[in-house]
Ligand code: PMP
């Protein structure tokens, strides 16, 4: 084990034996990434879907600068602070009223872990410990920690770790934009009926499943699923780690729907993408079940950086921007360009499918059955880089998910490069 070698960085989701040496970046501004050598790339995927307004947004940079010299970090179990209070206040103004209990952590995976643990213990606290099963969907992706992997669909991402994962009911679903509503709902309805007495909850990425292939769901399917779960009193977790903060053309994906989730996971764009932070938001009923004179009923979860004041200040600044600017027009403009350009592309190139939801557009190419292992994506990504556009396809699924400050010219350039 003691082989000598030079220090090096082990990069995420990277086959280090094959990956080219990464380029060092020096700066970023709005939709542009700028290298040490001054080469510019359009960040067409918002740096793993986190940057929503744009890189180095002045209001967020200013909020971070102000906060960092005041209070950098404090343990959140014994103290609170204004940045956290301000954040829950500004989020309460945009979230539906029942969702007003905020549990902090630091990334999307932990927001999901918290949601799962919260519901398991919620039922235990109510004396229903037989409820320990979750329903999830087979193209879902909820993160890289053990709980989040357990509820994610089985894939190359989870295959090596399957012995670590707990049992979850993963129901089949539709995948392509031409699949019927029933393909998205029927396996779920069957599982719900069959296992209703053991269920702790249902977890879903509403409207668009991200890493599973940018799969856009028919709204009607979510209506059916949501109302069926509500009717049986099974809590619904919405993992809006990717869809939150405008990606689907509304501030949250559930804003397109006629019902609210019982638990909501937020991260990525929560701070405008500037710093790590996440929230698991629930309602009074779930929160109340943890209140007791018995300490064993409290929630046994908390990370060192829970509620970090600098991240909270960044998140408040970002949330306020959504109230100050009319983003709906910006989102619409991005959707319209995607719509026009994907049609034009489909006339020239045979696509297996193309999907559009708000600011997210996915083009599924023929991968000869290779899925995520297809080399097509890597090749396209390299070529696009040379032409000044940063894309990171999911295997053969090429997608755009740009920051909202992308200019029309930059977005058209991205499509030109794809074309
Ligand atoms: N949920 C969803 C829907 C995601 O897309 C992701 C990350 N891509 C996660 C959870 C996990 O987030 P993180 O990478 O911050 O742990």
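Coordinate-derived values only; no laboratory data. Everything numeric here is computed off the predicted structure, so don't read it as measured data. Note that we place each Cβ from the backbone using ideal geometry, even for glycine, and neighbour counts take in every protein chain shown.
Calculated over the stretch 79-186, the projected area of the Cα convex hull averaged across directions stands at 10.1 nm². Kindly provide log₁₀ I(q)/I(0) values, in the same order as q = 0.15, 0.21, 0.22 Å⁻¹, from the Debye equation applied to equal alpha-carbon scatterers of the stretch 1-68. The calculated log intensity ratios at q = 0.15, 0.21, 0.22 Å⁻¹ are -0.70, -1.03, -1.07.
Which order, highest average first, do 262-275, 94-107 follow once you tally other Cβ atoms within 10 Å for each residue and take the mean per peptide? All intermediate terms of the calculation are to be shown ahead of the outcome.
Details: 262-275: 26.9, 94-107: 18.1.
In descending order of packing, they fall as 262-275, 94-107.
Let me see the P(r) profile for the stretch 255-408: every Cα-Cα distance counted, bins of 10 Å, each bin given as a percent of all pairs. That works out to 9, 24, 29, 23, 11, 4, 0, in percent per bin.
What do the square roots of 5 times the Cα gyration tensor eigenvalues come to for the stretch 103-151, in whole Å, largest first, as semi-axes of the equivalent ellipsoid? Mind showing how you got there, number by number?
Numbers: eigenvalues 82, 42, 9 Å².
The three semi-axes for the stretch 103-151 are 20, 15, 7 Å.
Rg/Rh for the stretch 303-351: what does it come to with C-alpha atoms and Rh from Kirkwood? Spell out each step's value before the answer.
Values: Rg = 18.9 Å, Rh = 14.1 Å.
Rg divided by Rh gives 1.33.
Only DSSP H runs of four or more residues enter the estimate; each adds -39500 (n - 2.57), and after division by the residues of the chain the mean residue ellipticity at 222 nm equals -10500 deg cm²/dmol.
At a Förster radius of 45 Å, what calculated FRET efficiency corresponds to the Cβ-Cβ distance of residue 287 and residue 70, to the nearest 0.05?
On the way: r = 29 Å, r/R0 = 0.65.
Plugging the Cβ-Cβ distance into 1/(1 + (r/R0)^6) gives 0.95.
Each eigenvalue of the Cα gyration tensor of the stretch 219-265, multiplied by 5 and square-rooted, gives one semi-axis; in descending order these are 19, 12, 7 Å. Taking packing as the residue-averaged number of other Cβ atoms within 10 angstrom, the listed peptides 176-187, 145-156 run from highest to lowest as 145-156, 176-187.
For residue 408 and residue 36, the difference between the fully extended length at 0.36 nm per residue and the C-alpha to C-alpha distance is 131.3 nm.
As a proxy for reagent exposure, ranking 129, 405 by other Cβ atoms within 10 Å from fewest up yields 129, 405.
Take the Cα pairs of the chain, get the Kirkwood Rh, then feed it into Stokes-Einstein at 10 °C and 1.306 mPa s and tell me D in µm²/s. Kindly include the intermediate steps, with their values, before the conclusion.
Details: Rh = 22.4 Å.
Stokes-Einstein gives a translational diffusion coefficient of 71 µm²/s.
In the frame of its principal axes, the stretch 87-131 has Cα extents of 37, 24, 11 Å, reported largest first. Put a dot 7 Å past the Cα of residue 381, heading toward its Cβ, do the same for residue 56, and the two dots end up 2.5 nm apart. Against the empirical curve 2.2 N^0.38 Å, the C-alpha radius of gyration of the stretch 49-106 lands at a ratio of 1.31. Set against the 2.2 N^0.38 Å expectation for a compact globular protein, the stretch 178-322 has a Cα radius of gyration ratio of 1.17. A straight line joining the Cα centroids of the stretch 240-293 and the stretch 169-192 runs 24 Å. Going from the fewest other Cβ atoms within 10 Å to the most, the residues 329, 91, 189 appear in the order 329, 189, 91. For the stretch 319-419, the equivalent ellipsoid derived from the alpha-carbon gyration tensor has semi-axes of 26, 14, 13 Å in decreasing order.
In square nanometres and to one decimal, what's the mean projected area of the convex hull around the Cα atoms of the stretch 1-128? Intermediate results must be reported in sequence, preceding the final value.
Details: hull surface 58.6 nm².
Result: a mean projected hull area of 14.7 nm².
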